[in-house]
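A quick write-up on the structure given underneath.
The values are calculated or read from the model by the stated rules, or taken from the named source; none is laboratory data. What you see is a predicted model, and the numbers here were worked out from it, not measured in a lab. Counting neighbours? That spans all protein chains shown, and the Cβs are built from the backbone with ideal geometry, glycine included.
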Amino acid sequence: MSLISRLRDIVDNESLKEPEQVRIRMRNLIADMLNDSSNLDPIPDGIPVVLLVVGVNGAGKTTSIAKIVDIAKSEGRKVMLAAADTFRAGAIEQIQIWGERLGVPVISQNAGSDPGAVAFDALNAARARNVDLLIIDTAGRLHTKHNLMEELRKVRGIVEKNGAGFTERIMLVIDGTTGQNGLMQAKSFTEAVNCNGVFLTKLDGTAKGGVVLAIAEELRLPIWFIGTGEKSSDMSAFDSDAFATALLPEPAI
């Protein structure tokens, strides 16, 4: 409705008559809305980075992590993973399998152990091994949302307290097929751990990921990356102009 209201003003002010003129203005509005004005590099060069990855189970956190590892390794970075989702059955093994495939070490403990302890161990190990990028996977579901958010706040606090020498980033993974529920997820996670940016997944099908418009408008969260497939190489940096064109394509002739 916010977009439509702005578009009506433009149509009136410019006395637009042709549908294609309106479509172009709409694309421009969408691109402007999604343009990242934070100037915050998701994974800055030349300094050690700890990337805390959050999001609900099933959004594609683990696959997104693998994609970032693949890109970072191709750029010559020394990467380490931390399996701090100690609650979901199989989550630790999933990260360990990706670690083996991609040739990066994984810091983990037994299932059910304290995720904060995993984060603490990982930070110390990454510092000792001169790691450029430490990626910490986190839980996406506990018995109640309150428990989940408290656990994430605890992990975030440990990273802040013990992350000397690392630049911290918090990335929210959102399923591109999710509707307005994605906005509620974004609000909950951002309130809990102050997310810095979004990885939008599953844009390889009919999903267009329009929920990011609401996320960008209401939370001022930039979209950093998009995932377009299952392979570790299926990702790209977010381009607001290209996304606006995909969301509102040229009409078929």
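Can you pull out every residue in segment 207-252 that is in a helix (DSSP H, G or I), free of Cβ contacts under 8 Å to residues at least 60 places away in the same chain and of a type outside the set (A, V, I, L, M, F, W, C)?
Across segment 207-252, the qualifying residue is only E218.
Looking only at segment 56-74, decide whether some residue is surrounded by fewer than 18 Cβ atoms within 10 Å (Cβ to Cβ) and free of Cβ contacts under 8 Å to residues at least 12 places away in the same chain.
yes
In segment 223-253, what count of residues is obtained for those that are closer than 13 Å to A31 by Cβ and not hydrophobic (A, V, I, L, M, F, W, C)?
Of the residues in that region, 4 qualify.
Are any of the residues in segment 115-128 of a type in the set (V, I, T), over 13 Å from A164 (Cα atoms), touching a residue at least 12 places away in the same chain (Cβ under 8 Å) and in a strand (DSSP E or B)? Give the derivation first.
Filtering segment 115-128 for residues of a type in the set (V, I, T) gives 118.
From what is left, the residues that are over 13 Å from A164 (Cα atoms) are 118.
Retained after the next criterion (residues that are touching a residue at least 12 places away in the same chain (Cβ under 8 Å)): 118.
Subset that is in a strand (DSSP E or B): none.
No, segment 115-128 has no match at all.
Please list, ordered by first then second residue, the pairs with beta carbon atoms under 9 Å, 6 or more apart or interchain, first in segment 29-40 and buried (at least 16 other Cβ atoms within 10 Å of the Cβ), second part of a loop (DSSP other than H, G, I, E, B) and modelled with pLDDT under 90.
I30/L248
Of the numbered conditions (1) within 15 Å of the chain's Cα centre (by Cα); (2) outside any strand (DSSP E or B); (3) crowded, with 21+ Cβ neighbours inside 10 Å, K187 fails exactly one; give the number of that condition.
(3)
Provide a single number: the residues in segment 56-84 that are modelled with pLDDT of 95 or more, closer than 28 Å to N181 by Cα and assigned to a loop (DSSP other than H, G, I, E, B).
So the count comes out to 1.
Could you check segment 29-58 and list, in sequence order, the residues that are touching a Ser or Thr at 6+ places or on another chain (Cβ under 6 Å) and within 24 Å of Q185 (Cα to Cα)?
Residues satisfying the conditions are A31, L34, N35, V54.
Restricting to segment 236-250, give me the number of residues that are of a type in the set (S, T, Y) and under 16 Å from the mean Cα position of the chain (by Cα).
Summing the residues that are of a type in the set (S, T, Y) and under 16 Å from the mean Cα position of the chain (by Cα) in segment 236-250 gives 2.
If you check I30, I24, which single one turns out to be at pLDDT below 95, within 20 Å of the chain's Cα centre (by Cα), in a helix (DSSP H, G or I) and among the aliphatic types (A, V, I, L, M)?
Testing whether each residue is at pLDDT below 95, within 20 Å of the chain's Cα centre (by Cα), in a helix (DSSP H, G or I) and among the aliphatic types (A, V, I, L, M) leaves just I30.
For residues in segment 111-158 being modelled with pLDDT of 95 or more and in contact with a Gly (Cβ under 7 Å, 6 or more places away or on another chain), which is surrounded by the fewest Cβ atoms within 10 Å (Cβ to Cβ)?
Across segment 111-158, the extreme among qualifying residues is K154.
When you check V193 against the structure, is it within 28 Å of E151 (Cα to Cα), modelled with pLDDT under 90, hydrophobic (A, V, I, L, M, F, W, C) and touching a strand residue (DSSP E or B) at 6+ places or on another chain (Cβ under 6 Å), yes or no? Even if it seems obvious, please write down each step before you answer.
Working: within 28 Å of E151 (Cα to Cα): yes; modelled with pLDDT under 90: no; hydrophobic (A, V, I, L, M, F, W, C): yes; touching a strand residue (DSSP E or B) at 6+ places or on another chain (Cβ under 6 Å): yes.
When the stated conditions are applied, V193 does not pass them.
May I ask you to verify whether L3 is closer than 18 Å to V211 by Cα, touching a residue at least 24 places away in the same chain (Cβ under 8 Å) and aliphatic (A, V, I, L, M)?
So L3 passes the test.
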